[in-house]
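For reference, the structure is listed below as structure tokens.
Values in this text are rule-based calculations from the coordinates and carry no lab data. This one's a predicted model, so the numbers in the text were calculated from it and none came from an experiment. All Cβ positions, glycine included, derive from the backbone under ideal geometry; neighbour counts span all protein chains shown.
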Amino acid sequence: MKFLIASDIHGSKEASRKLVSLDEEYNFKKIILLGDIGYSGARNIPPLDYYPIDVFKNLELIKNKLLLIRGNCDSRVDEFVLKKKFYNKYTLNLKNHRLILTHGDLYDENSFNFKENDIFLYGHTHVYRLEKIDNHLVLNPGSMSLPKVNKEKTYMIMDFKLKTICLYNLDDQLLKSIDF
């Protein structure tokens, strides 16, 4: 079983097309988007390929697999267009692991009491992170359109069979991985 994890698309057509093509290749069980999907917001310069209408058309193709977390740039209109709920936080229990999902603006890693094998996933910072802290993981897939600090546009694939989480750039080059 594999999950695709991405964040901070900010209206990038390229990023949304990449999500669809990755799903065509891997046939993910779930595609988790950790917020800031359609719009760039007032603090970000929009991506060069900024076109939210196409982003939502592309997401419609994978809609049944989407688990959507609301980011600070997402709105109720996005739920209406996709006819899919956005969550401020979401917990998913899978095979001895509790996945705690949020965008990172309302809740951060200090907002939760982690148990052994928990995996905390957030976006918002546009900076990727794969870190084991005590007995749990803290992960951020970075941004697929507006990366900061490392300048790599990135996403993650979580593979439950191999028990790995891999970070890739948009050219599908493996940048980092961590076991869980």
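What FRET efficiency comes out for the pair Ile53/Asn113, r = Cβ-Cβ distance, R0 = 30 Å, nearest 0.05? Efficiency, from the Cβ-Cβ distance: 0.15.
Kindly express, to the nearest 10 degrees and within the range 0 to 90, the angle between helix 52-61's C-alpha long axis and the longest C-alpha principal axis of the chain. Roughly 60 degrees between the two axes. Listed by chain and number, the aspartates and glutamates whose alpha-carbon sits under 17 Å from that of Lys176, ignoring those within fewer than 8 places in the same chain, are Glu131, Glu152, Asp159. From helices alone, the chain scores -5000 deg cm²/dmol at 222 nm; the rule is -39500 (n - 2.57) for each run of n ≥ 4 DSSP H residues, then divide by the residue total. Using the Cα coordinates of segment 2-179, the gyration tensor eigenvalues translate into equivalent-ellipsoid semi-axes of 23, 17, 16 Å, sorted from longest to shortest.
In order along segment 154-162, the phi-based Karplus estimate (6.51 cos²θ - 1.76 cosθ + 1.60, θ = phi - 60°) of 3J(HN,Hα) comes to 9, 8, 10, 10, 9, 10, 6, 6, 8 Hz; Gly and Pro are listed as x. Going down the list Lys2/Lys63; Lys89/Lys151; Lys57/Lys161; Lys95/Lys132, which pairs span over 20 Å between their C-alpha atoms? Pairs exceeding 20 Å: Lys89/Lys151; Lys57/Lys161. The distance from the alpha carbon centre of segment 53-122 to that of segment 125-176 is 16 Å, rounded to a whole number.
Its Cα centre serving as origin, the chain has a Cβ charge dipole (Lys and Arg +1, Asp and Glu -1) of approximately 440 debye. With everything on Cα atoms, drop me the angle between helix 13-26 and the longest principal axis of the chain, reported from 0 to 90° to the nearest 10. Between helix and principal axis, roughly 50 degrees.
Amide H contacts for Leu67 (H built 1.01 Å from N in the peptide plane; partners 5 or more residues away or on another chain; cut-off under 5 Å): Ile31, Ile32, Leu33. Ranked by the mean number of other Cβ atoms within 10 Å per residue, highest first, peptides 12-23, 86-97 order as 12-23, 86-97.
Contact order for segment 2-179, expressed relative to its length and based on alpha carbon pairs under 8 Å spaced 6+ residues apart, stands at 22 percent.
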